[in-house]
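Any read-out appearing in this document is the output of simple, stated calculations on the displayed coordinates, not a laboratory observation. Just so it is clear, the model here is predicted, and its values are computed rather than measured. Cβ atoms come from the backbone with ideal geometry, glycine included; neighbour counts cover every protein chain shown.
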Amino acid sequence: MEIHWIRSQGLASQQESAVLRLQALERLCDEIREVRITASETRHHRYGAKQVRIRCALRHGDVLASREGANLGLALHEAIHDLEYALRRHHERYRRSRRTERSLVRRGVG
């Protein structure tokens with residue numbers, strides 16, 4: 001798994017703990033190919049708010065997570081938490097669709 005940090009100067013102190021959490025996610029979901037973490041300031045709604053976006057490229061799709069906050073470190077922590085949840089949902093949906101495909105093939109429908 002490759003991790004790319006884009007405009008992440010404000011996240012230097014949190015990068016190590018974020019990498020550890022992302023590596024734990026890789027053990028949970030072995031389909032992760034690449035993770036892109038982008039930190040930026042947003043002028044949407046609140047002046048000076050910080051935003052962290054995470055794009056996780058999988059073998060069969062992408063999973064995205066995004067969080068805003070006054071603090072980049074907290075936004076990163078919450079975005080990784082959202083990514084964990086989104087990966088679990090994505091994995092369950094994929095497994096469910098694969099089970100359905102296999103049962104249709106066994107019955108001779110597909």
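In table form, for the structure just shown:
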| item | result |
| --- | --- |
| Cα-based shape type of region 2-107, given that a ≥ b ≥ c are square roots of the gyration tensor eigenvalues and the cut on a/c is 1.5 | prolate |
| Sites Glu16 and Leu74 - FRET efficiency at Förster radius 22 Å, r taken between beta-carbons, to 0.05 | 0.85 |
| Those trypsin sites (Lys or Arg not before Pro) in region 4-86 that DSSP places in a loop and that have at most 16 other beta carbons within 10 Å | Arg7, Arg43, Arg46, Arg59 |
